[in-house]
Amino acid sequence: MPELASEKTCTGCMGCMNACPKDAIAPVVQADGHKGIHVDPARCVECGLCERTCPVVSTSPPYGTNNLESRFMAGWADDSSIRRRGATSGIAGAIAAHIMSEGGYAAGAVMEGLECRYIVTSDPADLPRLQGSKYTASFPGMVMRHIRRLLIDGNTVFFCGLPCHVAALLNYIPTRLHPQLYTADIICGGVSSPLLLARYADAHPGMKGVASFRNKDNGWHPKGYKYNLKYIDAAGKMHDTSADGRNLVTDGFACELTDRLSCYDCQFAFTHRRSDLTIGDLWGDTHFPGQHHDGVSAIIAHSPRGESLLKVSGISTAEIPPEDILSHNARLFCGKSIKRMLPERRMLGKLIHWLGYRNLLHIYASDLRSAPFYWIPFTIYRVLSFRIAEKIKQIRSRYIIRKCLNSINDSK
Ligand SMILES: Cc1cc2nc3c(=O)[nH]c(=O)nc-3n(C[C@H](O)[C@H](O)[C@H](O)COP(=O)(O)OP(=O)(O)OC[C@H]3O[C@@H](n4cnc5c(N)ncnc54)[C@H](O)[C@@H]3O)c2cc1C
Ligand code: SF4
Ligand code: SF4
Ligand code: SF4
């Protein structure tokens with residue numbers, strides 16, 4: 001039997017499932033709502049292909065390193081509608097639009113009802129669905145097999161997704177096909193349990209699907225901004241929940257207490273990566289105030305082909321000092337968090353099924369202002385535990401930034 005990632009380290013990338021020639025691997029839903037895998041011993045012929053694809057156990061080169069080899073940029077899409085629809089500034093959207101305009105395919109995560117899954121498309125009408133951040137775990141399904149078939153047939157494919165999913169894709173696609181494949185990963189703070197959405201939908205009868213998790217109705221802001229969950233009901237009516245107080249979906253995501261176990265010790269957070277590009281928000285920016293309203297992206301180009309892709313996709317860029325990105329976005333280079341150890345995370349698999357919506361909201365979305373008085377001890381514990389987690393994160397981040405900057409000085 002193959003030795004694949006453990007429940008603690010498995011990223012749910014489904015690379016192993018795509019690679020298995022005997023279809024011996026199937027997804028299973030765990031108690032915490034995240035998807036794991038099951039290997040059917042009756043079908044497995046022990047060929048080892050799944051182990052070679054798995055980004056956690058494979059012996060392929062590591063996904064990245066923390067050095068300053070890559071180019072650090074600020075940027076935004078020139079096309080105003082692509083930029084407006086983008087989670088940040090439409091970088092992924094602009095590249096997908098360019099690749100499709102040249103007859104190629106774009107792959108990325110879309111919402112289908114309450115599920116977030118990857119699709120591959122050559123239809124520009126799918127662009128709005130591909131754009132925007134979906135703050136829930138995305139399911140790759142068999143998208144990697146689909147991409148491999150397209151590449152074998154001579155097509156170009158652009159894949160934008162989570163770093164662990166890009167790592168699996170690059171292991172899975174034979175090296176001879178890599179020149180036709182462009183990849184961008186996002187700066188990833190972790191993915192929350194799909195059960196948050198399921199429990200939210202239970203509490204909001206008639207909810208059919210999510211329209212957006214965040215948007216720029218009130219502009220983008222370098223200090224961060226409020227998420228804005230919008231959903232559609234069975235009659236097709238849009239509900240904007242921004243005036244409803246905290247919700248289990250976006251505030252639950254922000255609390256990081258329902259993330260995949262692998263996200264608390266992410267093995268894919270590096271300043272220099274195997275992907276062509278890494279994209280995220282340029283938090284803390286002070287250089288481009290005139291651009292803030294429409295969004296400014298942090299872009300890290302890891303390869304010359306990544307840089308060329310930006311140029312031909314209608315994206316404006318300006319090189320910036322690496323510290324401008326590193327000092328405000330620790331998840332680019334540090335995937336560790338002590339929140340995995342907190343009792344709320346350990347008990348997620350039980351509490352998410354046992355408790356009612358209001359209690360889940362108190363615990364997993366930190367909605368403690370509306371909690372009854374007997375929640376005061378829990379509130380004190382929550383404030384203290386989150387402060388300690390934040391402090392440890394800051395100390396770790398400062399240490400890694402110092403090491404990165406020293407590596408540059410040493411190489412001079
Ligand atoms: C779960 C999650 C955590 C994030 N954490 C951070 C963070 O800590 N710091 C930071 O700076 N940025 C973070 N981001 C990235 C940021 O929110 C934007 O997605 C990114 O800047 C791209 O914006 P854009 O306007 O260029 O892309 P758009 O044109 O809006 O396209 C968005 C792209 O992101 C992909 N995508 C969206 N949601 C998912 C998902 N759930 N799974 C896989 N792919 C997805 C789509 O495939 C699409 O190609 C996170 C995004 C997600 C989804
Ligand atoms: S070892 Fe081969 S047959 Fe067995 S699960 Fe892995 S890929 Fe499938
Ligand atoms: S390939 Fe992905 S889904 Fe399969 S065991 Fe490894 S990490 Fe988990
Ligand atoms: S935090 Fe790491 S393991 Fe978790 S989804 Fe993001 S890239 Fe994958």
What helices (runs of 4 or more DSSP H), lying completely within region 293-412, carry at least 3 residues that are over 25 Å from residue 11 (Cα atoms) and polar (S, T, N, Q)? 376-411
Look through region 138-162, keep the residues that are in a loop (DSSP other than H, G, I, E, B) and among the hydrophobic types (A, V, I, L, M, F, W, C), and return whichever of them is farthest from residue 55 (Cα to Cα). 142
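Give region 340-359 a look and list any residue that's under 14 Å from residue 259 (Cβ atoms) and either out of contact with any Gly (no Cβ under 9 Å at 6 or more places or on another chain) or without any contact (Cβ under 8 Å) to a residue 40 or more places away in the chain (or both), or say none.
Of everything in region 340-359, those that are under 14 Å from residue 259 (Cβ atoms) and either out of contact with any Gly (no Cβ under 9 Å at 6 or more places or on another chain) or without any contact (Cβ under 8 Å) to a residue 40 or more places away in the chain (or both) turn out to be 340, 341, 342, 344, 345, 346.
Conditions tested, residue by residue: (1) within 16 Å of ligand 4 (Cβ to nearest atom); (2) crowded, with 17+ Cβ neighbours inside 10 Å.
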site: 45; (1), (2): no, no
site: 57; (1), (2): yes, yes
site: 62; (1), (2): yes, no
site: 77; (1), (2): no, yes
site: 83; (1), (2): no, yes
site: 93; (1), (2): no, yes
site: 108; (1), (2): yes, yes
site: 116; (1), (2): yes, yes
site: 123; (1), (2): no, no
Anything in region 210-239 that is of a type in the set (Phe, Trp, Tyr) and either under 17 Å from residue 115 (Cα atoms) or not in a loop (DSSP other than H, G, I, E, B) (or both)? List them, or say none. 213, 231
Looking only at region 1-16, and only at residues there that are touching a Pro at 6+ places or on another chain (Cβ under 9 Å) and near ligand 2 (Cβ under 9 Å from one of its atoms), the one that is farthest from residue 258 (Cα to Cα): 1
Taking region 250-295 as the search range and keeping residues that are touching a strand residue (DSSP E or B) at 6+ places or on another chain (Cβ under 9 Å) and of a type in the set (S, T, N, Q), which one is farthest from ligand 4 (Cβ to nearest atom)? 291
For residue 210, which of the numbered conditions (1) modelled with pLDDT of 95 or more; (2) surrounded by fewer than 19 Cβ atoms within 10 Å (Cβ to Cβ) fails to hold? (2)
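Conditions (1) within 13 Å of ligand 4 (Cβ to nearest atom); (2) without any contact (Cβ under 8 Å) to a residue 60 or more places away in the chain, marked per residue:
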site: 1; (1), (2): no, yes
site: 5; (1), (2): yes, no
site: 9; (1), (2): yes, no
site: 12; (1), (2): yes, no
site: 20; (1), (2): no, yes
site: 24; (1), (2): no, yes
site: 31; (1), (2): no, no
site: 34; (1), (2): yes, no
site: 39; (1), (2): no, yes
Please specify each residue of region 114-137 satisfying the condition of being assigned to a strand (DSSP E or B) and in contact (Cβ under 8 Å) with a residue 40 or more places away in the chain. 115, 116, 118
Being buried (at least 23 other Cβ atoms within 10 Å of the Cβ) and at pLDDT below 95 is the filter here, so list the residues in region 293-324 that pass it. none
Those residues of region 166-191 which are in contact (Cβ under 8 Å) with a residue 12 or more places away in the chain and in a helix (DSSP H, G or I), in sequence order: 166, 167, 168, 169, 170, 171, 172, 177, 180
Taking first residues from region 308-323 that are touching a residue at least 60 places away in the same chain (Cβ under 8 Å) and second residues anywhere that are β-branched (Val, Ile, Thr) and loosely packed, with under 13 Cβ neighbours inside 10 Å, the pairs with Cβ under 9 Å that are 6 or more apart or on different chains are 322/408
Residue tally, condition in a loop (DSSP other than H, G, I, E, B) and more than 17 Å from the chain's Cα centre (by Cα), over region 192-209: 3
Only one of these conditions is not met by residue 99: (1) under 18 Å from the mean Cα position of the chain (by Cα); (2) over 30 Å from residue 404 (Cα atoms). Which number is it? (1)
Subset of region 257-270 [crowded, with 24+ Cβ neighbours inside 10 Å and not hydrophobic (A, V, I, L, M, F, W, C)]: 258, 259, 260, 262
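Among what's in region 240-289 and is assigned to a loop (DSSP other than H, G, I, E, B) and without any contact (Cβ under 8 Å) to a residue 12 or more places away in the chain, pick the residue that is farthest from ligand 2 (Cβ to nearest atom).
Per the criteria, the residue is 243.
Would you mind finding the one in 163, 194 that is out of contact with any Phe, Trp or Tyr (no Cβ under 8 Å at 6 or more places or on another chain), within 16 Å of ligand 3 (Cβ to nearest atom), touching a residue at least 40 places away in the same chain (Cβ under 8 Å) and not charged (D, E, K, R)? Working first, answer last.
Details: 163 fails: out of contact with any Phe, Trp or Tyr (no Cβ under 8 Å at 6 or more places or on another chain).
One residue alone meets the criteria, 194.
The values are calculated or read from the model by the stated rules, or taken from the named source; none is laboratory data. This is a predicted model, so every value here is computed, not measured. Heads up, the Cβs are rebuilt from the backbone with ideal geometry, glycines too, and the neighbour counts pull from every protein chain shown.
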